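Trainee: Can you keep this structure in mind? I'll have questions shortly.
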Amino acid sequence: MVSNREGERPATAGGQPNYWSDEVEYVIKGRGLTDLKQYLAIERRGRGTMLRAEHREAVWALFEHYEQLRTEDGVHDFNDVLALAAAAVADGRTTRRYSAVVVDEVQDLTLVGVRLLHALVGDAPNGLLLVGDGQQAVYPGGYRLSEAGIAIAGARGVVLRTNYRNAEQIWKTAMAVVADDAFEDVDETRAAGRRDVETTYRDGAVVHVQAPTEAEHDRLLLEALRDLGDGIADAAVLCARTKDVEYYLRLLAKAGTPVQRLERYDGASGDGCKVGTFHRVKGLEFKHVFLPIHDTLLRDQAGYSGAASERSELIRRQLFVAMTRARDTLWLGSIRPPAS
């Protein structure tokens, strides 16, 4: 998204090469900021790394350069599409009227996206239903619903505290990953990471696998998948990175394991194990979820501060989302070479 020609990008924050592109995408364009003065004044919710005025000025110059290149190429990014749609609604170019808008996973929309959906129904009684969980936000950045003109204080907001999906042990294991990270929920309150949630499902299991080598780790994964038999149709192998998805697709196919890309899964029952990223699995659930080398990114981030610490928190939330896709079985693979 962002040009990396020498002299056109601020120094990488805390060793995170994507930090500035995320800043442009989620903070500047995702909130619909139109001038530097707005950016200098705004509270960068969800971005824990402090940026002084000179840093923000450099980021804004980067944003302007990106916009120049985008305009010259005659293309729009996703935030542009949302902004254009919102403008069409605002100036009356749309003729269709909506009686209600229902939004799930609202925590992963940008402010521009929420403004668009709100504009479709305005403040009509029962016109807008928002469902979300700030602890499951898988993208950087954040905002207050009030910035979109939406007030949910009092009886308009309800906190759901019953978990009908995950077996109790699976929920406890997933919650331990994010328990120390406070978060801002969609009702604009700051909440402790460890939440009071009632689970209704007592069966299920968490399987921890620590292998001395990658080859042994993969052998144990394939063995566990074979043991499912026909149950493999309701199983998923989930990875943090796209390159890992490609690796496990090849591994399973070579072993003769029925496999299907998660991005091509339409929700209908199939006969293959689904393989995809943590991002792609949002909104889905499976009886059996396998997370190979699930702790690699967290271990890579250990000991960092600033932007890297912020990145670690985001990784923990993404891992939490992946773990809570499991209903009956959660398989957690790690590689732990023997001590020399």
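The values are calculated or read from the model by the stated rules, or taken from the named source; none is laboratory data. Since this is a predicted model, take the numbers as computed values, not measurements. Heads up, the Cβs are rebuilt from the backbone with ideal geometry, glycines too, and the neighbour counts pull from every protein chain shown. To get the accessible areas, we keep the full protein, side chains included, count just its heavy atoms, and leave off ligands, DNA and RNA. Shrake-Rupley method; radii C 1.70, N 1.55, O 1.52, S 1.80 Å.
Trainee: Taking only the alpha-carbon positions of the chain and ignoring solvent, what does the Debye formula give for the base-10 log of I(q)/I(0) at q = 0.08 Å⁻¹?
Mentor: Rounded to two decimals, the profile gives -0.45.
Trainee: How large is the accessible surface of Phe278 in square angstrom, using a 1.4 angstrom probe and rounding to the nearest 10?
Mentor: That residue has around 10 Å² of solvent-accessible surface.
Trainee: Using the C-alpha atoms of region 223-340, what convex hull volume per residue, in cubic angstrom, is computed?
Mentor: Enclosed volume per residue, from the Cα hull, is 119 Å³.
Trainee: Could you grab the relative contact order for region 136-225? Cα pairs under 8 Å, six or more apart, rounded to a whole percent.
Mentor: Computed over region 136-225, the figure is 29 percent.
Trainee: Looking at Leu40, Thr200, Gly276, which one has the Cα that reaches farthest to the positive end of the dipole of the chain (charges on Cβ: Lys, Arg +1; Asp, Glu -1)?
Mentor: Of Leu40, Thr200, Gly276, it is Thr200.
Trainee: Specify the residue with the greatest mean-square fluctuation among Ile293, Ile150, Ile232, computed from a Gaussian network of the chain linking alpha-carbon atoms under 10 Å apart.
Mentor: Ile150
Trainee: Can you tally the lysine pairs in the chain where the Cα-Cα distance is under 30 Å and the two residues are eight or more apart, or on different chains?
Mentor: Taking the Cα cut-off of 30 Å, the pair count is 16.
Trainee: So how far, in whole Å, is the C-alpha centre of region 259-287 from the one of region 177-232?
Mentor: Region 259-287 and region 177-232 have Cα centres separated by 16 Å.
Trainee: Now, a different point. Using a 1.4 Å probe, what is the accessible area per residue for the chain, in Å²?
Mentor: Averaged over the residues of the chain, the accessible area is 53 Å².
Trainee: Still on this model: With angles folded into 0 to 90 degrees, how steeply does helix 168-178 sit against the dominant principal axis of the chain? Use alpha carbons for both and round to 10.
Mentor: 50
Trainee: Ok, one more. Once you mark the GluC sites (Glu not before Pro) that are in a DSSP loop and have at most 14 other Cβ atoms within 10 Å, what is the longest gap between them in the chain?
Mentor: Value returned for the longest uninterrupted segment is 44-284.
Trainee: I've got another one for you. What residue among Ala61, Ala322, Ala167 has the largest mean-square fluctuation in a Gaussian network model of the chain, using Cα springs under 10 Å?
Mentor: Ala61
Trainee: Can you send over the carbon and sulfur percentage of the accessible area for the chain, probe radius 1.4 Å, protein chains only?
Mentor: The value for the chain is 50 percent carbon and sulfur by accessible area.
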